[in-house]
Amino acid sequence: MKKAFAVLMLAAMLLATGCGNQAQDAAKDAQQKVEQTANEAKDTANKTADDAAKKAEEMKSDAAAKVDEAKDAANQAADDVTKKADEMKSDVETMASDMADVMSMEGRTIALSGVMPGVSIEEVQSILGEATKVEGNEMTFADGLKVVFDGAKKVKSISTIVDAFETPEGMYVGASEYSLNDNCGPADSVRKIANGAEYEYNSGDKKSIVVYKAENGVITEITCTLK
């Protein structure tokens, strides 16, 4: 009887030991699964965060690129407008210059120090004052301006070799020969002389002319006469 009881007790102890090991193994497996699930969740979260950060950088880069593109487009448009405005300004200035040249050639007034060929001696004196020297039909006024009159006491010619007098175009003795074309336009005729040339311009009414004598690139004499 006692022997049978001992056997039963030993069997119960072995059975209890076996169940304890199974419980420990189950607990260990459960812990491993929890840790694995946690690690997977952590990895997924980290990947999601990395993807979000990467996407944000891409969006930021795209936005910056679009801003740069818009800025470049705006600068290009501004440059185009400025260039167009400069071209239009240049065209207007060229047209104005051409019109001025045409008007100058068509309506040119021949005069020197305000005195025009054909005016009376009284008109000359009202402009220049009294003559400083009189020789026949030629009068010399202050600073050496010479005026020759015809039989009717009308101005036949006015001339100077000094820089005190100007034509309506602003030309004077001592000015550059090459400034004639800029200020007066192309001459109606050009005659070669020693060391230079004579440039002749007609008045708008074709009744008088002005002749610029130039030597060595400089205007040395200006003469306005009736034709």
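No lab work stands behind these numbers, since they all come straight from the coordinates. In this text, all values refer to a predicted model and were calculated from it rather than measured experimentally. Don't worry about glycine lacking a Cβ; one is built from the backbone with ideal geometry, like all the others, and counts go over all protein chains shown.
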Surface/4 of the Cα convex hull for segment 121-226, nm²: 7.0 nm²
Amide H contacts of ILE110 (H built 1.01 Å from N, under 5 Å, at least 5 apart or other chain): GLY204
Highest to lowest packing among 180-186, 220-226, 55-61, scored as the average C-beta count within 10 Å: 220-226, 180-186, 55-61
